[in-house]
Every structure is written in structure tokens, then in C-alpha cells.
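Shown next, in C-alpha cells, is the structure this report addresses.
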Amino acid sequence: MAHGGIARRGETGEDDTNWNRERAVTAMVWENTATTMDDCMQCHFRRKASTDCKACHTGLNLPEYHQVAEFTFSHGTPAREKLEECNVCHGYAERKKMEVRSDHTVTNYSRENTFCRDCHSLRPERHTERWKFDHAARTKLNGKEGCLVCHDDRPKNTLELSITPTQCGTCHRGGTHRKNWRAAHPNFPIMITEQTRFSMDCMQCHTNKCLQCHVPD
């Protein structure tokens, strides 16, 4: 940066008779002195300097799609379309810039990038106390692709870089009710006994196939 890469560009050598102030000014134009982001970050990493964007880019303007309402929840959509663009800034979470591979999806990229994981490991504001019972309707409306960025619907022994330990199978174990399932059923809003009748509360987990025989209260 200090010398504009004059040696690398072959401007120094045995014959320096043509070296003068005018030539020096020309050699130090922005195109020659500007370093790459990789060079900056490698030095920041080595010296344990801040790697926050605002540490250097004090006049940084966020892209327009960052400035929409609820970007925290909606950023997955532009990320799927502009993952390479996201990686320009957010790829420096580790000591070496991440590469966006041809097989990268938003899901596996966010699980590998610590910048994404730092936020995705926190409980979202929308996950209220009743989220366990409300998420089915949300999933039917929006699909489960967004859920699978943090959670996983695969068997536990196949999980790779999962962001949260709470998976679909944590509650949705499948199969018939196990022995003493009433006592083991997690945080159900009512106490389940032998006399408990089928109601719409059951539908929080079960499908409408129950309604083929049972009429809810």
C-alpha cells in the first residue's frame, strides 16, 4: 500500500534515471495502492484487530434490501438469490474468507459461516411461549425451508453442523404413543388423563385424519 506495488509491477530496477516526482505520483494512483479485502483482513486477524465492517467503513451504506421492514426475518429470500453478494461482506467471519461453492445452499452456508450461526443460534422473537403450538400453521403457510436453516428434520445421527439442538424429531417422534405417554408429553396446555376427550388441542400435533372418526369437543 505504501509504495503502490512498484516493485511487483516492475517499476524499480537498475535503470532509475527516469524516476521523478511526476512518475511517482502516477505510480501511486488509487488503482495501484488499493489493496484487496483479503489483504486487510489477514492483517486484522494476525494482529487481533476488529473485523467489524464499521471499524474501517465508517460511511458504509447498507444495500437497499437490507433496509426493508423486518429484514431480520426476511433476509433469507435475497440471500438465496444473492449469496455471492452476501459473502463479499459476511464471508470474513473466520480467518479465511469463505468460498461460495456451486453446491452451497443458504441452509448449509449459514451453518458453516459463524457470522450467521451467531444470530441463528439465538431464539427468534417470533418464537413465543406458544410457538410450539403455533408453528404448524406458520409452516403450512410459508413452508419449512426457513425452519430448516436452523433446525433439522433428519434423524439425529445424520445431523451435520446443525445450529440448534432442537430438531423436528425432538417432539415429532412418529409412531404410536409410547407407554406412559400422557405423563411424558411435554408442556401440553392441559393435564391429560384417561378421561380427557379428543379436542382441537390434539390437532396441534395430529392431522385431520383423526376427524374421520373422532368429533372434537
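The values are calculated or read from the model by the stated rules, or taken from the named source; none is laboratory data. Fair warning: this is a prediction, and the values are worked out from it, not measured in the lab. Here the Cβ positions follow ideal geometry from the backbone for every residue, glycine too, while neighbour counts run over all protein chains shown. Ligands, DNA and RNA are excluded from the accessible area calculation, which covers all protein heavy atoms including side chains. Shrake-Rupley method; radii C 1.70, N 1.55, O 1.52, S 1.80 Å.
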Leaving ligands, DNA and RNA out of it, work out the accessible area of Thr36 with a 1.4 Å probe and give it in Å² to the nearest 10. 70
If contacts are Cα pairs under 8 angstrom and at least 6 residues apart, what is the relative contact order of region 3-100 in percent? 24
Suppose accessible area is computed on protein heavy atoms with a 1.4 Å probe; arrange Tyr65, Tyr109 from highest to lowest. Tyr65, Tyr109
What one gets for region 1-119 as the Kirkwood radius, inverse of mean 1/r over different Cα pairs in Å, is 17.5
Give me the one-decimal nm value for the distance between modelled label points at Trp30 and His57, 7 Å along each residue's Cα-to-Cβ direction. 1.6
I want to check the label-to-label distance for His135 and Glu85. Put each point 7 Å from Cα in the C-beta direction and report it in nm to one decimal. 3.1
Using a 1.4 angstrom probe on the protein heavy atoms only, could you order Arg47, Arg9 from most to least accessible area? Arg47, Arg9
So how exposed is Leu141, as accessible area in Å² (1.4 Å probe, rounded to 10)? 130
How do Ser74, Ser110, Ser102, Ser121 stack up against each other in accessible area, from largest to smallest, with a 1.4 angstrom probe? Ser102, Ser121, Ser74, Ser110
